[in-house]
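Values in this text are rule-based calculations from the coordinates and carry no lab data. Keep in mind that what you see is a predicted model, and the values were worked out from it rather than measured. Quick reminder, even Gly has a Cβ in these numbers, built from the backbone with ideal geometry, and neighbours come from all protein chains shown.
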Amino acid sequence: MAQIISIVNQKGGVGKTTTAVNLGAYLANFGKFVLLVDMDPQANATSGLGIDHRVLGKGVYESIAGLNSFGDIVVNTPVRGYKVAPATVSLAGANVELVNAERREHRLHDALLEVRNDYDYIIIDCPPSLGLLTLNSLVAADSVFIPVQAEYYALEGLGQLLETINLVKESLKPELEILGALITMYDSRVGLSEAVLKELYQYFPNKIFRSVIPRNIRLAEAPSHGLSILHYDARSKGARAYERLARELLESKI
């Protein structure tokens, strides 16, 4: 049965999609069967793997709305063992259209039951908000992975995010765990101040990944080519960082 990991932070631009796409690629490269679920209406994870979401007739929304089975919406990528449940334009209306739906927070959880035994890891790329799509992602997950940009202002909003996670644990998914925080967009020329690190450790005691993701132009370029960093420039600093992260995750036996 797959381990389901939601990559979440309501702040935009902190590396959620970059982490989802590239962590999945490296896990697949290490022989794992991986499904990437794109829950962001912007569909960046979908397009970042070379899939044109504009021409797709069905995706995650169609499954959680009950129009298609989850197995029917999954799309292959060029990478062996790596598949995507894509976002389509329909997903943008989900927060409104599903608001009165039965079990509205459990729609993704219920849909994934069909395919959960087909994968080792299911990685969910969440939108930059704490709306219904993110709630669905949290309820569906076994654990939560939180990318945090390496600057002071990125810490703003973490309290609200952790409060939301705790509310989900209390009322919807008691077994949900925080897997850890990942420092992203680290610039060694600027460094990470002791004050930021100290505050981060207060939020995530003993739950900060050793792997640190640097600012790297090759990471920024890869999605425009529809490739993960592994297949765009495996020798880049960004690629080596995500390889270390995947190994760290595997060694943690999650």
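Our coupling estimate for the stretch 225-234, obtained by passing each phi through the Karplus curve with A = 6.51, B = -1.76, C = 1.60 and θ = phi - 60°, is 9, x, 10, 6, 5, 4, 9, 9, 7, 5 Hz, Gly and Pro reported as x. Legend: translational diffusion of the stretch 30-129 by Stokes-Einstein, Rh = Kirkwood radius over C-alpha pairs, 4 °C, 1.567 mPa s; D = 95 µm²/s. Karplus-based coupling profile of the stretch 72-82, in residue order and whole Hz: 6, 9, 5, 10, 6, 10, x, 8, 4, x, 10, with θ = phi - 60° in 6.51 cos²θ - 1.76 cosθ + 1.60 and x standing for Gly or Pro.
Model label points for residue 177 and residue 69, set 7 angstrom from Cα along the Cα-to-Cβ axis, are 3.2 nm apart. Applying a length cut-off of 15 Å (Cα extent along the axis) and a mean Kyte-Doolittle floor of -1.0 to the DSSP H helices of the chain leaves 16-29, 158-171, 237-251.
Within straight-line reach of residue 207, meaning a Cα separation under 25 Å, sit the following lysines at least 8 residues removed in sequence or on another chain: 11, 16, 32, 169, 173, 198, 237, 253. Applied to the stretch 204-219, the Karplus parametrisation 6.51 cos²θ - 1.76 cosθ + 1.60 on θ = phi - 60° returns per-residue 3J(HN,Hα) values of 10, x, 6, 9, 10, 5, 5, 5, 10, 9, x, 5, 8, 5, 5, 4 Hz, with x for Gly and Pro. Our helix-only sum for the chain, with -39,500 (n - 2.57) per DSSP H run of n ≥ 4 divided by its residues, gives a mean residue ellipticity at 222 nm of -10000 deg cm²/dmol. Taking amide H atoms as placed 1.01 Å from N in the peptide plane, the amide H of residue 3 lies under 5 Å from those of 121, 122, each 5 or more residues away in sequence or on another chain.
Modelled spin-label separation between residue 118 and residue 58, with each label point placed 7 Å from Cα along the Cα-to-Cβ direction: 1.1 nm. Shown here: the stretch 3-249, whose C-alpha atoms stretch 50, 40, 28 Å along the first, second and third principal axes, sorted largest to smallest.
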